[in-house]
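Worksheet: one structure, shown below.
The values are calculated or read from the model by the stated rules, or taken from the named source; none is laboratory data. Remember, predicted model here, so these are calculated numbers, not experimental data. Note: ideal-geometry Cβ built from the backbone for every residue, glycine included; neighbour counts use all protein chains shown.
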Amino acid sequence: MKALDAKLPPVLEKYTSNIETNWQPTDLLPDPASPDFHEAVREMQGLALEMSYDLWVTLIGDTITEEALPTYEAWVINAEGVDQIGKNNWSKWLRTWTGEENRHGDVLNKYLYLSGVVNMKEMEVTTQHLIADGFDPGMGDDPYKNFVYTSFQEIATNVSHRRTATFSKQSGNIQLAKICGMIAADEMRHANAYITFIKLILEMDPDGLMIAFNDMMRRGITMPAHFMRESGSPQGVAFEHFSDCAQELGVYTTHDYVDIYDRLLKEWDIANISGLSAEGEKAREQVMKRPALIKRIADRVKKPREPHRFKWVSDKLS
Ligand SMILES: [Fe+2]
Ligand SMILES: [Fe+2]
């Protein structure tokens, strides 16, 4: 990881943004010091009622997922080679990434608070549970696996925020569309950084990467909010309902999972990596044929959505 660390500065230069000039949550929200504040909030609350219940569930679930950031930071901090004390390039990236991610939960939380249609207390309880429950996506301290997981997840969050932006725009909510669009752009930039980290690893250790990639995909990329629960409910139940909702609405589906997997195979040119050992070859074979298999299973197994009323959403929405 030391040799890799030395190759990072140009990547960081390309994929991190300038804190002083970058967007901040307050750029996208009404200013409480302004005389127009109350009018702006009234308008926001009117537009909130125009959005569907399912869109709200998805938005709230996405916000809770963003707000469990401490768990995600802990994963990457744990990866071999991230030196918080010595402040190497990996830890520099990690701190900047964490700061940028922090804006996502921050702006969405403030938006939801002002919208008037969210039961904030219930949402906060879910967030607390999610952080307290923690979650192990199976990366251990392996940086290869960490960066495969984060490459995948950053694209997945780009997809879901981008679609939420589109649906918000369709409902006439330009402000929310802009918020989700800004977040989606951050996620894509992050995805490109992690994808580049893996490209650098591939140049140095194609065998190790292939085995790690195959291992992660065999296990399956589990969503970070997998244990999401509502107050008084068992672990993971809310997540099932939330992902059913996102699937039905088309914000994030099993087909997106397969598309992201295929995209990573192409990004890393897995089909044409040379110089692999027998074990590496076997891993490549497995990693390449899996997307078609997942697609076949997804097409066959379509479970009906169970009705569920989330405690997060106020009764004002039907
Ligand atoms: Fe994010
Ligand atoms: Fe991100």
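Remark: pairs (first residue in region 76-88, loosely packed, with under 14 Cβ neighbours inside 10 Å; second residue polar (S, T, N, Q); Cβ separation under 8 Å; 6+ apart in sequence or on different chains) = Gln84/Ser91. Residues that are within 16 Å of ligand 2 (Cβ to nearest atom), of a type in the set (Val, Ile, Thr) and in contact with a Ser or Thr (Cβ under 9 Å, 6 or more places away or on another chain) within region 55-108 comprise Thr63, Ile64, Thr65, Val76, Ile77, Thr96, Val107, listed in sequence order.
Scanning region 301-308 for any residue that is surrounded by fewer than 16 Cβ atoms within 10 Å (Cβ to Cβ), among the aliphatic types (A, V, I, L, M), free of Cβ contacts under 8 Å to residues at least 40 places away in the same chain and outside any helix (DSSP H, G or I) turns up at least one such residue.
Residues of region 138-183 that are small (Gly, Ala, Ser), out of contact with any Ser or Thr (no Cβ under 8 Å at 6 or more places or on another chain) and in a helix (DSSP H, G or I): Ser151, Ala156, Ala165, Ser168, Gly181. Determine, yes or no, whether Gly99 is surrounded by fewer than 19 Cβ atoms within 10 Å (Cβ to Cβ) and among the small types (Gly, Ala, Ser). Yes.
State yes or no: is Leu130 of a type in the set (A, V, I, L, M), within 15 Å of ligand 1 (Cβ to nearest atom) and touching a Pro at 6+ places or on another chain (Cβ under 9 Å)?
Yes, satisfied.
Of the residues making up region 77-122, those that are part of a helix (DSSP H, G or I) and under 30 Å from Met44 (Cβ atoms) number 22.
Reported count of residues in region 97-112, each being among the β-branched types (Val, Ile, Thr) and either within 8 Å of ligand 1 (Cβ to nearest atom) or under 15 Å from Arg189 (Cα atoms) (or both), is 1.
Looking at Asp62, Asp54, which one is at pLDDT 95 or above, acidic (Asp, Glu), in a helix (DSSP H, G or I) and within 16 Å of ligand 1 (Cβ to nearest atom)?
Asp62
A count restricted to region 21-51 and to residues that are of a type outside the set (A, V, I, L, M) and part of a loop (DSSP other than H, G, I, E, B) stands at 11.
Filtered by the rule that a residue be polar (S, T, N, Q), crowded, with 22+ Cβ neighbours inside 10 Å and within 16 Å of ligand 1 (Cβ to nearest atom), region 186-223 gives no residues.
Can Ile174 be described as more than 14 Å from ligand 2 (Cβ to nearest atom), closer than 25 Å to Ala271 by Cα and β-branched (Val, Ile, Thr)? Please lay out each step first, then the result.
Values: more than 14 Å from ligand 2 (Cβ to nearest atom): yes; closer than 25 Å to Ala271 by Cα: no; β-branched (Val, Ile, Thr): yes.
So Ile174 does not fit the description; no.
When restricted to residues that are among the charged types (D, E, K, R) and over 20 Å from Leu202 (Cβ atoms), region 267-306 contains 8.
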